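Report on one structure; see the data block that follows.
Laboratory data are not the source of any read-out in this text; all were calculated from the coordinates shown. Just so you know, these numbers come straight off a predicted model, no measurement behind them. A quick note on method: Cβ atoms are made from the backbone with ideal geometry, for glycine too, and the neighbour counts reach across all protein chains shown.
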Amino acid sequence: MFRHLKPAVRSTISFRTENGWLSGFSVQFTTGVVKIQKLMRLEHINGGVTQVQGDMRRSVKSILKFVLLAAATVITTVLVFRYVRRVEVMSAGGDLAMRPRGAMPVPPDEPREKDQHHAQDSEKIDWHDYAAIDLDALRKGKGEQGKTAYLVPDDTPKKEELYKVNGFNALLSDEISLNRSLPDIRHKGQTKKYAANLPSVSVIVPFHNEHWSTLLRTAVSVINRSPSSLLVEVILVDDASTKEHCKKPLDEYVSKNLPKVIVIHLPERSGLIRARLAGAKQAVGEVLIFLDSHTEANVNWLPPLLDPIAEDYRTCVCPFIDVIAYETFEYRAQDEGARGAFDWEFFYKRLPLLPSDLEKPTEPFKSPVMAGGLFAISAKFFWELGGYDEGLEIWGGEQYELSFKIWQCGGEMVDAPCSRVGHIYRKFAPFPNPGKGDFVGRNYRRVAEVWMDEYKEYLYMRRPHYRNIDTGDLTEQKALREKLQCKPFRWFMENVAFDLPKKYPPIEPPDFAHGEVRSVVAPELCVDTENKGADQQFGLKPCITDKSGGSGDQAFVLTWHKDMRPKGRTMCWDVASVQDKAPVTLFSCHGMQGNQLWKYNPEQQWLVHGGNPRCLDCDLGRQTIYVTTCDRASPTQRWRFEHVDMKALADWDNMGPK
């Protein structure tokens, strides 16, 4: 709520009437809202002060003068206010990575009227801050309204330097205001109301070497878009960062500008899970909200998270997670909702919404598993569940452990469509391996041994080496499960994730084909993804099986999910464009077909993409691949898949996710 950005700016209008000077209106900016107060003081020219005369006669000419002067003053004050908000604050350091850029955020000092409202528990109110929303709509500038932004010039050594240590365009982030405006992309419909009496909140943000402007923008967005009476504190937990700006400069900036923000510095690297626990142990709010350190809270994000918890403290609530593009900082929706799930290698997956959920697009819906780091839970319930398992290392598996505990031990978990939080999905992970071996595998085995009962065997079927990982002592975790009389994992699978086996069966059907994909017209060339990452195009390279010592990424699987992926990876061939000669890129496999649907036609030797079929084709000269209209006469559309299961292909319509 941008009313907190600057001290009051007051302007008073005086104008002359036939009888004297009327100091008629005072225009004041104190909370980002123009307040016009009628003073009605009449001062005669002769210096004598008369008593208040509210019923004095005014000529039409005088009234018109007054209206014009009042309007001019309001417009002038708005323009001055908007100019002041764009002033940039520079930190003491000289390095751009340490210079906070954008409007200086000053946290709230006075709660809104409705924040002070106390009513019966059953009363519902509209929590929107419409004044702040209106002011946001006026904002213009780089990245405002969540629009695509660019650097000029775009290719600089500084950009690349910061990219390498952050995994996103940090230099561009520095040129975007800390309190930038975002588009309201919630489902349009009736304005929802929430309980007038909502619980207080502590927001916990763990970070390690987070970039200056993205970290501060996280905190500022939370402060500016949260009702001040609900937000107790924002706790930034520094997991032993080595970047200098994460130490004293951060402490000084927060102390001076963000009094609701607390910074905790952990003495040694503890990992994401234990950093969250450290923040939770210091929190005083009734509800704990965990966010990542490169997020932005959107309009009215908080009440939808708190309302279900106010009704039942054993409800955990997750916001919709929107996408902040790592290159351009464009803010956009990821989708319009899906239920969290997993496959039997513990990769996070998603299930479609149920018909009953689709009928009520603004209502919270049940979800088996949370995505990870963004959720709200009552402090009471969190600690009843034992918090996170403190035996989990660094990161990995914590979202499954907490999700299973919530459902199996008497709670429930929902996603709230009216709460939106943007998140930067990094282009790559910039942090080195912490050197603790297979800590993710160890975490997965701890979760499986405590919570999954006989279903853990499906995990071990795919990852046999997990059986040999030392989990450490599980006595405390198993005792907690016994104490809370938690339900078996079979109950979870049959009542909560009941449709998961249809999409991710514990025993998987056979794949349709596997091996290299070789051009028929140019048999020396094979498709090669070259171990590239998400959103990257790939093409043709000399087949590595034709010569010894060759290297590449040329082994593919046409899986029973009906997608194409490099063997052993969870990146899939993806075609997002509907244009002719649309490029093929890699994208995280989602198992929901669509852009990732492929079928092999052994008779025509076609690799056919999508429900509106187009065929894989190539430009042999440039060694590029794309999809285009299928053409029986085109030799460049013919491909030889190394191993094809003809029986599985013959049963195509009866196989795959349902």
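See the values below:
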read-out: Hits among aspartates and glutamates - C-alpha to C-alpha of LYS248 under 13 Å, sequence gap 8 or more where chains match; value: ASP238
read-out: Percentage relative contact order, the stretch 302-456, counting C-alpha pairs under 8 Å, at least six apart; value: 34
read-out: From phi via Karplus (6.51, -1.76, 1.60), per-residue ³J(HN,Hα) for the stretch 233-246 in Hz, x at Gly/Pro; value: 6, 10, 9, 8, 9, 7, 7, 6, 5, 10, 6, 4, 5, 7
read-out: Nonlocal amide H pairs with GLY340, under 5 Å, H built at 1.01 Å; value: LEU351, VAL369
read-out: Scattering profile of the stretch 197-251 at q = 0.17 Å⁻¹ [log10 I(q)/I(0), Debye over alpha-carbon scatterers]; value: -0.57
read-out: Residues whose placed amide H lies under 5 Å from that of ALA582, excluding near-sequence neighbours; value: VAL627
read-out: Tensor-based shape of the stretch 136-283 (alpha-carbon gyration tensor, a/c under 1.5 rounded, otherwise prolate or oblate); value: oblate
read-out: Only Lys, Arg (+1) and Asp, Glu (-1) charged, at Cβ; the stretch 355-445 dipole about Cα centre in debye; value: 320
read-out: The stretch 542-658, relative contact order in percent, only Cα pairs under 8 angstrom and at least six apart counted; value: 18
read-out: Rel. contact order, % - alpha carbon contacts under 8 angstrom, at least six apart, the stretch 500-579; value: 28
read-out: Exposure proxy order (Cβ contacts within 10 Å, fewest to most) of MET370, MET461, MET571, MET493; value: MET461, MET493, MET571, MET370
read-out: Alpha carbon convex hull of the stretch 548-646, volume per residue in cubic angstrom; value: 125
read-out: Across LYS532/LYS562; LYS260/LYS281; LYS159/LYS567; LYS159/LYS427; LYS247/LYS405, pairs whose alpha-carbon gap is larger than 24 Å; value: LYS159/LYS567; LYS247/LYS405
read-out: Integer Hz, Karplus 6.51/-1.76/1.60 couplings in order for the stretch 126-140, x for Gly and Pro; value: 8, 8, 4, 9, 5, 5, 5, 4, 5, 5, 4, 5, 8, 6, 9
read-out: For the stretch 418-494 and the stretch 515-565, distance of Cα centres in Å; value: 33
read-out: Gyration tensor (alpha-carbon) shape descriptor, the stretch 365-417, a/c threshold 1.5; value: oblate
read-out: Among PHE512, PHE538, VAL557 the positive-end extreme of the charge dipole of the stretch 502-564 (Cβ point charges); value: PHE512
read-out: Sequence-distant residues sharing a close amide H with LEU525 (under 5 Å, placed H); value: SER519, CYS543
read-out: Burial ordering of PHE431, PHE512, PHE346, fewest other beta-carbon atoms within 10 Å first; value: PHE431, PHE346, PHE512
read-out: For the stretch 320-459: rounded, prolate or oblate by the Cα gyration tensor [a/c cutoff 1.5]; value: oblate
read-out: Residue-by-residue Karplus 3J(HN,Hα) for the stretch 499-515, coefficients 6.51, -1.76, 1.60, Hz, glycine and proline x; value: 9, 4, x, 5, 8, 10, x, x, 10, 7, x, x, 6, 7, 6, 7, x
read-out: Cβ-based exposure ranking for PHE404, PHE329, in which fewest neighbours within 10 Å come first; value: PHE404, PHE329
